[in-house]
């Protein structure tokens with residue numbers, strides 16, 4: 001018999017990374033949506049109980065409350081003293097989320113729990129990783145009609161009963177994860193750059209590097225920059241930015257959109273948008289013109305200094321994953 005935890009994030013926990021401004025979830029006007037989220041949670045719990053599982057539903061309103069849930073997936077003591085996940089645990093986790101930002105909040109706490117300090121890196125950690133294999137989780141989408149979130153991109157079930165079946169008997173698919181030097185993670189992608197009141201992109205300047213490839217040295221007027229783990233930001237206003245958006249290829253895909261003036265004799269100048277792309281292990285973005293807005297997994301922020309992301313191949317996993325949908 002499996003022990004199941006369905007974890008939801010409470011409204012208004014803000015900096016804790018649960019529902020609210022910290023994860024792009026419920027807003028003050030979204031309280032009805034928060035209340036309605038109990039329905040799929042209860043339906044999933046009923047389906048799990050009917051299958052013979054022991055089920056507990058928990059609403060976490062802070063990082064510490066999320067951590068209390070995740071501690072149940074710890075393994076036994078290690079000689080090196082590290083906190084490590086139990087690969088043979090019969091406990092399973094379902095994350096009920098209205099946004100990818102809420103999902104990211106839980107994965108971020110998993111990383112912070114199990115990532116060893118560089119000085120304590122163990123010999124059994126893969127050379128291309130800074131975290132061990134994180135415990136798999138099931139995603140219970142609270143927005144049944146969303147067709148662009150990560151669950152939809154991965155072809156995961158959205159019906160609560162189907163999610164219950166997946167977590168009890170579905171396959172496990174390991175996925176890439178992006179860590180960044182701001183202490184957070186990215187499960188889908190980030191869109192860097194702002195827009196004016198009319199929704200038009202505001203050009204900015206900065207240095208964008210992918211491994212040894214320089215997509216912009218800092219002099220180009222960049223309309224948008226996408227750091228992609230999956231394909232949620234593959235297109236912007238009809239412009240194709242990411243070529244694939246593949247969360248299992250072990251690489252980060254990066255694209256910058258730059259306006260280029262085309263001059264022809266006896267004709268008016270024309271502006272076209274040039275898209276420069278590259279893939280690699282890591283990417284860095286150094287803004288040149290002050291605070292630079294960005295949206296990471298649907299959560300808004302800004303950067304004033306260099307920000308770096310790097311790939312953790314196969315670091316996290318989901319239950320019931322179909323092959324990713326190319327976007």
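The values are calculated or read from the model by the stated rules, or taken from the named source; none is laboratory data. Everything numeric in this text was worked out from a predicted model, so none of it was measured. Note that we place each Cβ from the backbone using ideal geometry, even for glycine, and neighbour counts take in every protein chain shown.
Residue count for segment 126-142 under the criterion of being farther than 22 Å from residue 69 by Cβ and either modelled with pLDDT of 95 or more or surrounded by 17 or more Cβ atoms within 10 Å (Cβ to Cβ) (or both): the result is 2. Selection of segment 91-131 for residues being in a loop (DSSP other than H, G, I, E, B), in contact with a strand residue (DSSP E or B) (Cβ under 6 Å, 6 or more places away or on another chain) and under 28 Å from residue 157 (Cα atoms) yields only 131. Restricting 270, 200, 276 to those that are in contact (Cβ under 8 Å) with a residue 24 or more places away in the chain and either farther than 30 Å from residue 132 by Cα or assigned by TED's automatic domain parsing to the domain that holds residue 107 (or both) reduces the list to 276. Kindly indicate whether any position in segment 205-216 is within 16 Å of the chain's Cα centre (by Cα), touching a residue at least 60 places away in the same chain (Cβ under 8 Å), part of a strand (DSSP E or B) and under 24 Å from residue 298 (Cβ atoms). Among the residues of segment 205-216, not one is within 16 Å of the chain's Cα centre (by Cα), touching a residue at least 60 places away in the same chain (Cβ under 8 Å), part of a strand (DSSP E or B) and under 24 Å from residue 298 (Cβ atoms), which makes the answer no.
Restrict the check to segment 223-232 and report whether at least one residue is surrounded by fewer than 20 Cβ atoms within 10 Å (Cβ to Cβ), outside the structural domain of residue 115 (by TED's automatic domain parsing), outside any strand (DSSP E or B) and in contact with a strand residue (DSSP E or B) (Cβ under 9 Å, 6 or more places away or on another chain). Looking for residues that are surrounded by fewer than 20 Cβ atoms within 10 Å (Cβ to Cβ), outside the structural domain of residue 115 (by TED's automatic domain parsing), outside any strand (DSSP E or B) and in contact with a strand residue (DSSP E or B) (Cβ under 9 Å, 6 or more places away or on another chain), one finds none in segment 223-232, hence no.
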